[in-house]
């Protein structure tokens, strides 16, 4: 084997793991109930499992910091693609957030290809003196992982094996987990199938877990399927963050995590960098913190926005009208900040977070080069978006949403 290279499934690579894609994303919010209503009722997410953090404080202290319950949510079959945690409680009990008061995200997660990559990746990070917040296995969710913060404190999770939720909509019951793993296991470890078989042998009820439901009336025709809103979220990301030191952040995401730089732009004298995990133009974008006020975005958070891809351009247009009809603030930002994308808009959640809604992104081919294009013009007013748009070479390409739209 070449010196300095690692065999990742028989392929020589500069790290003992390879990030395959952005997996899930989480935010900390001051009003969990308001956020939960917004993401369930208006965007269609389903609850996979709640999580109660109250055990972190003695009973007499718990009521001082508001809600102690967070939620794992999903848009598809993975146990969670989006997470909402109570910010007041976490900032009061978790030193990491106390050291980073503008941190309103709780995790960016990156999927690797095997449990071995998680174990070897953790050892590699530790050998390079990189900070690790925690490691082990998520309960709920079942994914093996380790968490490493970037220079600004954003917690990045490398994970493998997240639980899949099937046709019945039930999450895995807590009894099936049996043990809470606070570090990766000795390899090899038993399969998920063996874990389920053991639960069945012990007559554990596999339908006792949380069942995600959508209470909205199915009155919208979405490409031939009746749904509770006129669109369907099919993918999460990209994530956009403000960073204090671009070079330090780039070293973490490019050199430590192994994300590929797709391109950089200069926006009004500010260097902005776009990185990808797979074939999408970018799954993470880094912007200098000084740009936050110039864009008129509120201070107090290093999160610029996070993305949710919808199933089609028609769904995107319908989503704008639907959300505005529900009293949601919908707005646009300069298109030059989003290379690789065309029609997109932002919706403001109850905590003030900006959600970027879009329907397509440029895909990067074998040579790693982005498509050539001219300077981005101003985004048309949403009311002036055409009813249909010409096809691009990579429209409806990239990761495909699996399963029925429900």
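Where both bridge residues fall in region 9-164, DSSP classifies roughly 75% of the beta bridges as antiparallel.
Ordering of 30-39, 319-328, 263-272 by packing is 30-39, 319-328, 263-272, highest average first (other Cβ atoms within 10 Å, averaged per residue).
Express in nm, to one decimal, how much length is gained between residue 175 and residue 223 on full extension, taking 0.36 nm for each residue of separation and deducting their alpha carbon distance.
Additional length available on full extension: 13.3 nm.
Each Cα pair under 8 Å and six or more residues apart adds its separation to the average, and for region 9-164 the resulting relative contact order is 26 percent.
Oblate is the label for region 5-77, because a/c, from the alpha-carbon gyration tensor with a ≥ b ≥ c as root eigenvalues, is 1.5 or above and a/b does not exceed b/c. Over region 225-384, what relative contact order in percent results from Cα pairs under 8 Å that are six or more residues apart? Normalised by residue count, the contact order of region 225-384 is 24 percent. The structure shown yields Cα extents along the principal axes in Å, and of the options (1) 60, 58, 43; (2) 73, 56, 41; (3) 74, 41, 34 that calculated value carries the label (1). Could you let me know the centre-to-centre spacing of region 80-133 and region 1-32, using Cα atoms, in angstrom? Each part reduced to its Cα centre gives a spacing of 13 Å.
Restricting attention to the chain, close to 75% of DSSP beta bridges with both partner residues there are antiparallel. Summarising the label geometry, the points placed 7 Å from Cα in the beta-carbon direction at residue 406 and residue 186 lie 4.4 nm from one another. For the chain, the relative contact order works out to 14 percent when only alpha carbon pairs closer than 8 Å and six or more residues apart are counted.
Here, each number is a calculation from the coordinates, and none is a lab measurement. From a predicted model like this one, the values you see are computed outputs, not experimental measurements. No Cβ is skipped: glycine too gets one built from the backbone with ideal geometry, and neighbour counts run over all protein chains shown.
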